[in-house]
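Only one structure is covered here, and it is reproduced in the block below.
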Amino acid sequence: MQGRGSVAVALAVLVCIVAGDNSRCEYDTCSKCISDASCIWCSNPNITSVAVKTGVTLPQCINKESPNIDKFKEACKDAIYDLPTEVEKEQPSPETLFSPQRVKLKMRAGESINISFNYEHRVNYPMDLYCLMDGSTSMSEFKTLLSSVTQELVAGLMDITQNVQLGFGMFVDKPTLPYTDMNSVAACRECQVDTYSFKNILPLTPDQTAFEEKVLSSPVSTNTDQPEGILEALMQVASCGSEVGWRPDALKVAVVFTDAAFHSAGHGRLAGIVQPNDRTCHLNGKGEYTHSLLQDYPSVGELSKVLKDNNLTTVFAATEDQVSLYQMLSGMLHSSSCSDMDTSSNIVKIIVDPVKDRIQTITLEPQTSMPGLTVDVYTRCKGGAVQKGNTCKEMLMGEKAEFTLDVKIEECPARDQQNVTLNFELVGHSQNLYLDLEMLCECRCEEGKDFIANADICMKQGDLRCGACECHPGFLGKNCQCREGDVNNPDIDETNCINPNATEAVVCSGQGKCECGQCVCNKRPDPDEVIEGFYCQCTNFHKDCRGNNGEICSGHGHCDCNECDCDAGWEGQNCSCSTDTENCKDTEGVVCSGHGNCICNRCECQADYEGKHCENCKFCDEKCEEYKPCVECLVFQTGTYGAACEDQCSSYMVTIISDMTKNYGHLCSSTDEEGCRFFYQVKENGTVKHVWAQDKKECPKVINPWIVVGGVLAGVVLVGLLLLIAWKVVTTIKDKREYEAFKTEKAKAAWTDVSMKVR
């Protein structure tokens, strides 16, 4: 029998109110009041007659942080309605890994409660390993290999836990066209049996010899198309708990060996099989699947649900050409992984590694959720630091961990959702945590017959519940003293509709009308815009809440009573400023180079600095000469400091670089006594002076005078030769032209033969 014990809240859990100290607590009923964790209610109706100061009396609902809280408690005495948080822990059973395993919790909206659960990794954790082999002839080699390494496989598993069971099954495909041609099966020389969908050949057993023999002796077959009925077989392995032999408290692992793709839902229609897979077990006494020709293949989603419901981890060992397909499939299935398999690979490693990872990894995963309720999980693994997350890895036998649930109720849900059981599953380990949560959103004094009907204080026009009047239809007012629409009622007092804390005495803040001494706030055309508050002083659309983009709180929060309540990561009056500082960090990750503040993810620099990261010093040009001697002696071992370098430059941190195009700080350029220029960047961070210096100087080259003289003489001679050559060319061209002209004139001459007789 499990024992129970009520645990004091202060010792068992950490409780904090997250609703905020500035809650207005302007509620007119007990249930509304206690739905805000920062408020308490007084069911004594006379509390409102107790004066605090002139013209101000105590309310029935008050903030716990109010300066009048002591006077409120004194006046209300035993009529205070402040529902306490209650925690009740059940002692776990011996086989349970968590302590406690179940907690009953009562809490109010607006509270945050931390509850811790201790976990101890079980010694000799029971493990059931089922090997599901593709029974096609192409997998014969792998089947033989699996049989041959049985002893090595068991030895590897025994290193993890001594409590191991092994099982074996085979699959091919549906024994009908177009998946299987029975004529081809008959002609297959290697085929030892007709095609089948799935056979549970060896239910889970600790007998490793039986496993080895069954794997080796099981016959193979064939099918026609390339895909196999893997999902169909895996569905039977998952759903046939007693037939396969799964132990309820064991870590369940199915390893699938295949060299082909898979059929899924809809493929059965090719053979006229239209009945959807019913996700239940259909094995006969021989372990054979009987509904192969009656039901379609399951879908991936259907298989994933059954795997999850039965806490079954799957490992796909696929050949190289199919690995990418099964990696994709593993990503869609619950607690699944994929390994590459070929004839030379270590088949033991393929099985043992993922099994070891699964048994040594504990992940607490929530199975239930509801609006308005958030549960964050924190872990302390093996005595380490507390971290946000739900996983501890590499847990060895006997090691301990602590899971802490941070439960927050933002607001009260509907009445039928105020009692809920939160279920947290230890993935793959068949263990669960349970949190029975009762949300304290109702006052018992408002229920049943515990009220005064037609109470005198309610003018006999209403019932007194929890010290407040609940008016009959047609009546309103604190004491039901007014009829609806009766604006001439002498009981109406507009002074009750004026906010005493406002700078101007305006009835209902100018956003409503006073009816029977109570403000009735105006309705907005936009139903998302709300005016509320006792004096209609609050809106969720106030101009101060609008960002520069025109959106309420810049789209990064919500407007609560004229003020923005920013989402995480944003701040400012209208939530326009990001709290991120990445854009403010320099190359070394220092925010604003240490010379400014990061506001709205932009640097606001100190007076003497500028630049995106405040890296540029406005007056640092004057300081370059101050840095020069230390740069000379520390980088180049030159300069005026000499042996005193270490003492004079002890506050300098120098980094030698080759690329000065990167921006580290303010760029300086100096010249040494030999006329060499050297470049460096400087940045001050408090008393430390950072220097990034170029590794080489830029020095002018020494000129040899003989080279200059020789060059000049050579130039003069060369110019003379060029002039001489030019003169020669010009004269040659001129002579040639004159000669050509002479030849032309000569050709034009006409000579006459003259004969003369000589006597």
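What follows is calculated from the coordinates using simple rules that are stated; it is not laboratory data. Note that the coordinates shown come from a computational prediction; the quantities given were computed from them, not determined experimentally. Positions of Cβ are backbone-derived with ideal geometry, glycine not excepted, and every protein chain shown enters the neighbour counts.
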Checklist line | Contact order relative to length of region 347-481, as percent, for alpha carbon pairs under 8 angstrom and 6 or more apart | finding: 18 percent
Margin query: When a/c reaches 1.5 or more, the comparison of a/b and b/c decides; with that in mind, is the chain rounded, prolate or oblate per its Cα gyration tensor?
Written below: oblate
Notebook entry, point to check: Where does helix 347-359 land angle-wise versus the long Cα axis of the chain, in degrees 0 to 90, nearest 10?
Noted result: 50 degrees
Notebook entry, point to check: Which pairs, out of Lys104/Lys460; Lys104/Lys523; Lys408/Lys612; Lys174/Lys356; Lys199/Lys305; Lys628/Lys701, put more than 31 Å between their alpha-carbon atoms?
Noted result: Lys104/Lys460; Lys104/Lys523; Lys408/Lys612; Lys174/Lys356
Check: Check Gly462: other-chain or 5+ apart residues with amide H under 5 Å from its amide H, H built from backbone geometry?
Finding: Asn454, Ala455, His472
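May I ask you to order 36-49, 533-546 by the average number of other C-beta atoms within 10 Å around their residues, highest value first? Don't skip to the answer; put the middle values down first.
On the way: 36-49: 21.1, 533-546: 18.7.
Descending mean neighbour count gives 36-49, 533-546.
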Margin query: Against the 2.2 N^0.38 Å scaling, with N counting residues, where does region 127-360 land? I'd like the Cα-based Rg ratio to two decimal places.
Written below: 0.93
Check: Which of the peptides 688-701, 429-442 is most tightly packed, and how do the rest follow, judged by the mean count of other Cβ atoms within 10 Å per residue?
Finding: 429-442, 688-701
Notebook entry, point to check: Counting Lys +1, Arg +1, Asp -1, Glu -1, what net charge surrounds Asp296 among other residues with beta carbon under 11 Å of its beta carbon?
Noted result: -1
Notebook entry, point to check: Counting other Cβ atoms within 10 Å of each Cβ, which chymotrypsin sites (Phe, Trp or Tyr not before Pro) in region 551-628 have at most 16 and sit in a DSSP loop?
Noted result: Phe619
Check: From the backbone phi of region 27-42, what are the Karplus-calculated ³J(HN,Hα) couplings (6.51 cos²θ - 1.76 cosθ + 1.60, θ = phi - 60°) in whole Hz, Gly and Pro given as x?
Finding: 10, 9, 10, 5, 4, 5, 5, 6, 6, 10, 5, 8, 10, 10, 10, 10
Notebook entry, point to check: Whole-Hz Karplus ³J(HN,Hα) for region 430-447, in order, using 6.51 cos²θ - 1.76 cosθ + 1.60 and θ = phi - 60°, x for Gly and Pro?
Noted result: 6, 10, 9, 10, 10, 10, 8, 9, 10, 8, 7, 10, 10, 9, 5, 5, 8, 9
Checklist line | Interchain or long-range residues, amide H under 5 Å from Tyr130's placed H | finding: Gly167, Val253, Ala254, Val255
Notebook entry, point to check: Quick one: which of 266-278, 730-742 comes out on top by average Cβ neighbours within 10 Å, and what's the full order, highest first?
Noted result: 266-278, 730-742
Margin query: Would region 595-717 count as rounded, prolate or oblate if I go by the C-alpha gyration tensor, calling it rounded below 1.5 in a/c and otherwise prolate when a/b exceeds b/c, oblate otherwise?
Written below: prolate
Notebook entry, point to check: Once every DSSP H run of n ≥ 4 in the chain is given -39500 (n - 2.57) and the sum is divided by its residues, what mean residue ellipticity at 222 nm do you get, rounded to the nearest 500 deg cm²/dmol?
Noted result: -6000 deg cm²/dmol
Check: So how strong a dipole does region 420-579 carry about its Cα centre when Lys and Arg Cβ are +1 and Asp and Glu Cβ are -1, to the nearest 20 debye?
Finding: 340 debye
Notebook entry, point to check: Toward the positive end of the charge dipole of the chain, about the Cα centre and with charges on Cβ (Lys, Arg +1; Asp, Glu -1), which of Cys561, Thr176, Gln694 goes farthest?
Noted result: Gln694
Check: Using the alpha-carbon centroid of each, what span in Å lies between region 413-448 and region 370-389?
Finding: 19 Å
Notebook entry, point to check: With a sphere of radius 9 Å drawn around the Cβ of Asn583, what net charge do the other residues whose Cβ falls strictly inside it have (Lys, Arg +1; Asp, Glu -1)?
Noted result: +1
Note to self: How big is the dipole moment of the chain about its Cα centre under a simple scheme where the beta carbon of each Lys and Arg is +1, that of each Asp and Glu is -1, and everything else is neutral? Debye, nearest 20, please.
What the structure shows: 2640 debye
Next item on the list: With only Lys, Arg, Asp and Glu charged, each at its Cβ (+1 for the first two, -1 for the last two), find how big the charge dipole of region 622-694 is about the Cα centre; round to the nearest 20 debye.
Entry: 320 debye
Next item on the list: Over region 127-360, calculate the relative contact order: mean separation of alpha carbon pairs under 8 Å at least 6 apart, over the residue count, as a percent.
Entry: 22 percent
Notebook entry, point to check: What are the ³J(HN,Hα) values, in whole Hz, obtained from phi via the Karplus relation 6.51 cos²θ - 1.76 cosθ + 1.60 with θ = phi - 60°, for each residue of region 374-389 in sequence order, with x given for Gly and Pro?
Noted result: 10, 10, 9, 10, 10, 10, 10, 8, 6, x, x, 6, 6, 9, 6, x
Check: Out of residues 5 or more away from Cys577 or on other chains, whose amide H comes under 5 Å of its own, with H placed 1.01 Å from N in the peptide plane?
Finding: Glu571
Notebook entry, point to check: Once the Cα gyration tensor of region 538-593 is found, what semi-axes does its equivalent ellipsoid get, as square roots of 5 times the eigenvalues, in whole Å, sorted largest first?
Noted result: 29, 9, 7
Next item on the list: Give the shape of region 78-176 as rounded, prolate or oblate, defined through the alpha-carbon gyration tensor: a ≥ b ≥ c are the square roots of its eigenvalues, a/c under 1.5 means rounded, and otherwise the shape is prolate if a/b is larger than b/c and oblate if not.
Entry: prolate
Item checked: Charge dipole of the chain about the Cα centre (unit charges at C-beta), most positive-ward option of Ile531, Ile347, Val244 -> Ile347
Check: Any idea what angle helix 705-748 forms with the longest principal axis of the chain, computed on alpha-carbon atoms, 0 to 90 degrees, nearest 10?
Finding: 60 degrees
Item checked: the chain, relative contact order in percent, only Cα pairs under 8 angstrom and at least six apart counted -> 8 percent
Notebook entry, point to check: Which of Asn118, Asn583, His666 sits closest to the plus end of the dipole of the chain, meaning its Cα is farthest towards the positive end, when Lys and Arg get +1 and Asp and Glu get -1 on the C-beta?
Noted result: His666
Item checked: Proximal charge balance of Asn46 [Cβ under 15 Å; K/R count +1, D/E count -1] -> +1
